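See structure below.
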């Protein structure tokens, strides 16, 4: 993963309350998953306020549609993509 | 490294040795049903009522398939409903295919005794042409003659961490050897274009990538729809992909790390070697016929897992004359459809192989298929119809 990322992908299922160690530059970040994170889904590495950019691969994958706490599951319920959004266009811009 | 292929008069190298009968229709189908070793295309679009741009796109597919290095010789018939348009005249198709130096014959029901007469003549010609093609022998050639095409689908996390990286390794290796590699799916680079333009070989390539993305994104916005109800597709979301941008950033891993030499239209042939982006659409019944027409001689579908539960048989052959491989890194997909899957790289997740080792094994699989080993989908007669990528309204 990229040093600027604020989410990480679970390469195996993480149980609610489980402590996980995420490799980051020069060490490891330890945090507790607040809920179950299925294989292949994303975990917030820090608190992310509503509207903040969410980064994976060092690039923008969307923004927080609600407040996300460190250790939360990050998916379509709290992350929204901003590209190619005809619905936003219709409502008069982003 | 090298493979065994059929050297064609224009210097391109085939991995198969078919006789092609085009366009689609009862004449082509009847000839192919009667004569072994022949192929035709199966698609509903023959150009009638289509705009000039779309007719040219159809012509590019037909001419491109005719010129494919996997085709020894071609029969063109003049009975297609679209043949009255200048772009799709049988004589035009014949001339442009014959420019590659291969044998091209024409069937015209108006001169050859009607539909029955054209079928009879076609069967007689095709038998001689298949027999003549069978005299060709494979020769050892270098990897610079490989031209690959890829798409990923039903993408999930295994695609991003083990499937696409193995394909990326293959792409880098073939491009480094002087070969050609094609990737595309314009909707699935929205959000990843900055990562791609950093790899543009020249400034005009970066501009072309940005222009292509802008046109596609504007089309998406013009629908007034939330793209998330369309793409990522439900199987992607089930697999953990949350946005189109995230899907795009994972998808581009399959293109490796080589510089991008240009942006091609659907079914357009690259003018040089190297890695190219193709402005096409993700549908597998569309994309592979386009790669085949662009000159690809091996194509791959990197399969994830979302939404494929219960699919124990993966159909194939959407690439008409080009061997088609199924690859996956998802253990459940592989376990369900082992008989259909040519390459498995879930080993990377299981820890028994590095991504490089898996990529090297994929490369050897491709060389093997290029040299004549059948891909698993080639063991089926079943052929899916082709969905030509046409973008303009019909009138």
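The values are calculated or read from the model by the stated rules, or taken from the named source; none is laboratory data. Predicted, not measured: the structure shown is a model, and the values here were computed from it. We place every Cβ from the backbone using ideal geometry, glycine too, and count neighbours over all the protein chains shown.
Mind checking which residues of the range B:238-253 are more than 26 Å from the chain's Cα centre (by Cα) and assigned to a helix (DSSP H, G or I)?
So the first thing to find is which residues in the range B:238-253 are more than 26 Å from the chain's Cα centre (by Cα), and the list is B:238, B:240, B:242-243.
Passing the criteria: only B:238.
Condition check ((1) buried (at least 22 other Cβ atoms within 10 Å of the Cβ); (2) at pLDDT 95 or above; (3) closer than 23 Å to residue B:379 by Cβ) across all residues:
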{"position": "B:27", "(1), (2), (3)": "yes, yes, no"}
{"position": "B:30", "(1), (2), (3)": "no, yes, no"}
{"position": "B:33", "(1), (2), (3)": "no, yes, yes"}
{"position": "B:42", "(1), (2), (3)": "no, no, yes"}
{"position": "B:61", "(1), (2), (3)": "yes, yes, no"}
{"position": "B:82", "(1), (2), (3)": "no, no, no"}
{"position": "B:87", "(1), (2), (3)": "no, yes, no"}
{"position": "B:95", "(1), (2), (3)": "no, yes, no"}
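Listed residues B:81, B:9; which is outside any helix (DSSP H, G or I), outside the structural domain of residue B:106 (by TED's automatic domain parsing) and more than 21 Å from the chain's Cα centre (by Cα)?
On the way: B:81 fails: outside the structural domain of residue B:106 (by TED's automatic domain parsing).
It is B:9.
Could you pull out the residue among B:217, B:268, B:188 that is touching a helix residue (DSSP H, G or I) at 6+ places or on another chain (Cβ under 8 Å), over 30 Å from residue B:11 (Cα atoms), surrounded by 18 or more Cβ atoms within 10 Å (Cβ to Cβ) and in the same structural domain as residue B:360 (by TED's automatic domain parsing)?
B:188
Mind counting the residues in the range B:337-357 that are within 14 Å of chain A (Cβ to nearest Cβ) and either closer than 23 Å to residue B:382 by Cβ or outside any helix (DSSP H, G or I) (or both)?
Of the residues in the range B:337-357, 2 are within 14 Å of chain A (Cβ to nearest Cβ) and either closer than 23 Å to residue B:382 by Cβ or outside any helix (DSSP H, G or I) (or both).
Take residue B:196 and tell me if it is modelled with pLDDT of 95 or more, on the phi < 0 side of the Ramachandran plot and within 13 Å of chain A (Cβ to nearest Cβ). Before you say what the answer is, go through the steps one by one.
Working: modelled with pLDDT of 95 or more: yes; on the phi < 0 side of the Ramachandran plot: yes; within 13 Å of chain A (Cβ to nearest Cβ): yes.
Spelling it out, residue B:196 is indeed modelled with pLDDT of 95 or more, on the phi < 0 side of the Ramachandran plot and within 13 Å of chain A (Cβ to nearest Cβ).
Of all the residues that make up the range A:19-34, how many are surrounded by 14 or more Cβ atoms within 10 Å (Cβ to Cβ) and farther than 12 Å from residue A:8 by Cα?
Here the count works out to 1.
Can you report the number of residues in the range B:211-267 which are at the interface with chain A (Cβ under 9 Å from one of its Cβ atoms) and touching a strand residue (DSSP E or B) at 6+ places or on another chain (Cβ under 6 Å)?
Qualifying residue count for the region: 5.
Please tell me if residue B:275 is modelled with pLDDT of 95 or more and under 14 Å from residue B:369 (Cβ atoms).
Values: modelled with pLDDT of 95 or more: yes; under 14 Å from residue B:369 (Cβ atoms): no.
When the stated conditions are applied, residue B:275 does not pass them.
Restricting to the range A:25-41, count the residues that are without any contact (Cβ under 8 Å) to a residue 24 or more places away in the chain and within 14 Å of another protein chain (Cβ to nearest Cβ).
Looking only at the range A:25-41, we keep the residues that are without any contact (Cβ under 8 Å) to a residue 24 or more places away in the chain, and these are A:25-30.
Adding the requirement that they be within 14 Å of another protein chain (Cβ to nearest Cβ) leaves none.
Qualifying residue count for the region: 0.
Identify the single condition in (1) within 12 Å of chain A (Cβ to nearest Cβ); (2) out of contact with any helix residue (DSSP H, G or I) (no Cβ under 8 Å at 6 or more places or on another chain) that residue B:175 does not satisfy, given that it satisfies every other one.
(1)
Return yes or no: is residue B:154 closer than 17 Å to residue B:362 by Cβ, buried (at least 19 other Cβ atoms within 10 Å of the Cβ) and more than 12 Å from chain A (Cβ to nearest Cβ)? Spell out how you get there, then give the answer.
On the way: closer than 17 Å to residue B:362 by Cβ: no; buried (at least 19 other Cβ atoms within 10 Å of the Cβ): yes; more than 12 Å from chain A (Cβ to nearest Cβ): yes.
Against the criterion (closer than 17 Å to residue B:362 by Cβ, buried (at least 19 other Cβ atoms within 10 Å of the Cβ) and more than 12 Å from chain A (Cβ to nearest Cβ)), residue B:154 does not qualify.
Working only within the range B:285-336, note down all residues that are part of a helix (DSSP H, G or I) and surrounded by fewer than 24 Cβ atoms within 10 Å (Cβ to Cβ).
Let us first name the residues in the range B:285-336 that are part of a helix (DSSP H, G or I), namely B:285-293, B:331-336.
Once the filter is applied, which keeps residues that are part of a helix (DSSP H, G or I) and surrounded by fewer than 24 Cβ atoms within 10 Å (Cβ to Cβ), the range B:285-336 yields B:285, B:286, B:331, B:332, B:334, B:335, B:336.
Going by the structure shown, is residue A:15 farther than 16 Å from residue B:240 by Cβ, touching a strand residue (DSSP E or B) at 6+ places or on another chain (Cβ under 6 Å) and more than 8 Å from chain B (Cβ to nearest Cβ)?
Numbers: farther than 16 Å from residue B:240 by Cβ: yes; touching a strand residue (DSSP E or B) at 6+ places or on another chain (Cβ under 6 Å): no; more than 8 Å from chain B (Cβ to nearest Cβ): yes.
The answer is no for residue A:15.
If you go through the range A:31-40, how many residues are in contact with a helix residue (DSSP H, G or I) (Cβ under 8 Å, 6 or more places away or on another chain) and either closer than 23 Å to residue A:3 by Cβ or not in a loop (DSSP other than H, G, I, E, B) (or both)?
Narrowing the range A:31-40 to residues in contact with a helix residue (DSSP H, G or I) (Cβ under 8 Å, 6 or more places away or on another chain): A:39-40.
Now restrict to residues that are either closer than 23 Å to residue A:3 by Cβ or not in a loop (DSSP other than H, G, I, E, B) (or both): A:40.
The total comes to 1.
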